[in-house]
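Visitor: First the structure, then my questions, so here it is.
The values are calculated or read from the model by the stated rules, or taken from the named source; none is laboratory data. Predicted, not measured: the structure shown is a model, and the values here were computed from it. We place every Cβ from the backbone using ideal geometry, glycine too, and count neighbours over all the protein chains shown. Protein only, heavy atoms only, side chains kept; ligands, DNA and RNA dropped before computing areas. Shrake-Rupley method; radii C 1.70, N 1.55, O 1.52, S 1.80 Å.
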Amino acid sequence: MNDHMKSVKKGQRPRSQRWNRRIGFESLEERRLLAADVFAFQNPIESLDVTFDDNVSPADVLAIINQLNGYDLYGDRIGAFLDTSGDHIVAPNDALSIINELNDAVVTTPGVTASELNGASAFLSDHFVSLPTELQGAAQTLIDAAAKRSDSLIVLDYQLEKFLDYSVENTAAIAARYGEMEIAARVIDTVYHQDLQELGGALDGIVSDIYPDSPDSVDEYPDEYNFDPNEYTDTEDAFDDLFNELDDELVDIELPQYDDVLENFDEVYQSYDDTVFEFDDYVENYLSTDEYEEFVLEGGDLGELMDEIHDAYQHNSTLEDYVGEKFETEGDLIDLIDGLLESSYIGELMYNDTAAIGGETTGSVVVLGDGSVVEIDLGDDPLLIELALKYDNATVLVEGYPEIVQGVEIPNRTVIDVAAMVGADELASFEQLFVGNTSALTDSLSARLQDILSV
């Protein structure tokens, strides 16, 4: 992954102190919506495939109806892409759109589809040596474009499948992760259209020279792309029809426009360089997550991690025993702690349980060591509020996710959506667990905690 790609993959905040957030910014308004309806995600590849089984069926309708009727099918996991309409809520119209599709009530959008082009690509690949030499370059362009799209969608499919198993606990992180995958899906779509534009340009002039009869001059020729290789007994006739249809359909193809509706889309799309990356590797690098991000997406936080390690010591285990049970290597725990610290804010908490009229401030802040101030949102979480009351005017470590909030008096504010809060005395007590248990692992973890406590 090149440096530019790294910079556009993850959101960043001003470096007012050493720890910086890694998962990107997300609208606080949307985060609150998701907190109320955490299943409101749309399948970014096939909007009607709710259960993510590569098939639109009555099972997708049933999943939405069960959700509307209050059945808890997925527990604390995301479970399914229930928002087929893309309006961020689950409603009867989401089920109706699938029913209409199953009943063929939806008018098919004119033009060639990816599945149809995949069939054409497979046909051309199987009969490549029989093609006229002049058309082999164009055929290879289509074959390569279809393979590029297919390989990249395999990568995205894997990440989407993982996404459905993530916890709904840390809603801001979940929303940010979905945003990354939505951008990836649209980049795949855009690159595919770009390749088809190249194919359209390659066909221009060549087809008319080889097959002088254009689709418009043949009465029985379909007005839209309708190539089916199974209808032909003569391969040459199939080539004739296929390339005429492609020449007719691809001449006016345009790149889809997503930069106006997906923040950061254009930067990610422009960072792809086909001379440096295989496209599926590019998508995989863009969608990669580290130990900390996986920990957060699975619903974890610093307090939970400290409790687990403390419980292990109470049961006469060691940190090494805990790592052996929970991680593949000791380095994985250190990477997790490092990632956690990069998302944390250390300073004096000033808690106020009353937000300003108009929502221009949450009322609570953390004053960092350099004197800068970050606003925090506890999300009406009773445990976080209890901790805030306990540590008011005391030093805390706040773990959370910076979000941009739009207002009137202040157009854009950065607010930390808090996932966990730990007092300095708790951290000091936790660090004492490792006293007398010296090892490379305990020394590394202790050093990191000492680094925090010294801020």
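Visitor: Answer yes or no as to whether Y211 is farther than 16 Å from E116 by Cβ, surrounded by 16 or more Cβ atoms within 10 Å (Cβ to Cβ) and modelled with pLDDT of 85 or more.
Guide: no
Visitor: Could we say that T414 is assigned to a loop (DSSP other than H, G, I, E, B), of a type in the set (S, T, Y) and modelled with pLDDT under 85 here?
Guide: Spelling it out, it is not the case that T414 is assigned to a loop (DSSP other than H, G, I, E, B), of a type in the set (S, T, Y) and modelled with pLDDT under 85.
Residue-wise test of (1) modelled with pLDDT under 85; (2) of a type in the set (D, E, K, R).
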{"position": "A40", "(1), (2)": "yes, no"}
{"position": "V56", "(1), (2)": "no, no"}
{"position": "D60", "(1), (2)": "no, yes"}
{"position": "R77", "(1), (2)": "no, yes"}
{"position": "L82", "(1), (2)": "no, no"}
{"position": "N100", "(1), (2)": "no, no"}
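Visitor: If you don't mind, another one. What pairs come up if the first residue lies in segment 155-181 and is in contact (Cβ under 8 Å) with a residue 40 or more places away in the chain and closer than 17 Å to G379 by Cα, the second is in a helix (DSSP H, G or I) and not aliphatic (A, V, I, L, M), and their beta carbons are under 6 Å apart, counting only those six or more places apart or on different chains?
Guide: Close Cβ pairs (under 6 Å, with a partner that is in a helix (DSSP H, G or I) and not aliphatic (A, V, I, L, M)) amount to T171/R31; A172/R31; A175/R31.
Visitor: Pairs needed: first member in segment 132-148, more than 15 Å from L196 (Cβ to Cβ); second member anywhere, in a helix (DSSP H, G or I) and open to solvent by less than 30 Å² (accessible area, probe 1.4 Å); C-beta distance under 8 Å; at least 6 residues apart or different chains.
Guide: P132/F239; L135/V207; L135/F239; L135/F243
Visitor: A follow-up question, please. Restricting the search to segment 58-101, which residues are of a type outside the set (D, E, K, R) and closer than 25 Å to G300 by Cβ?
Guide: Answer for segment 58-101, where residues must be of a type outside the set (D, E, K, R) and closer than 25 Å to G300 by Cβ: L73, Y74, G75, I78, G79, A80, F81, L82.
Visitor: Restrict the check to segment 96-118 and report whether at least one residue is closer than 30 Å to I210 by Cα and more than 28 Å from the chain's Cα centre (by Cα).
Guide: Yes, there is a match, as at least one residue in segment 96-118 is closer than 30 Å to I210 by Cα and more than 28 Å from the chain's Cα centre (by Cα).
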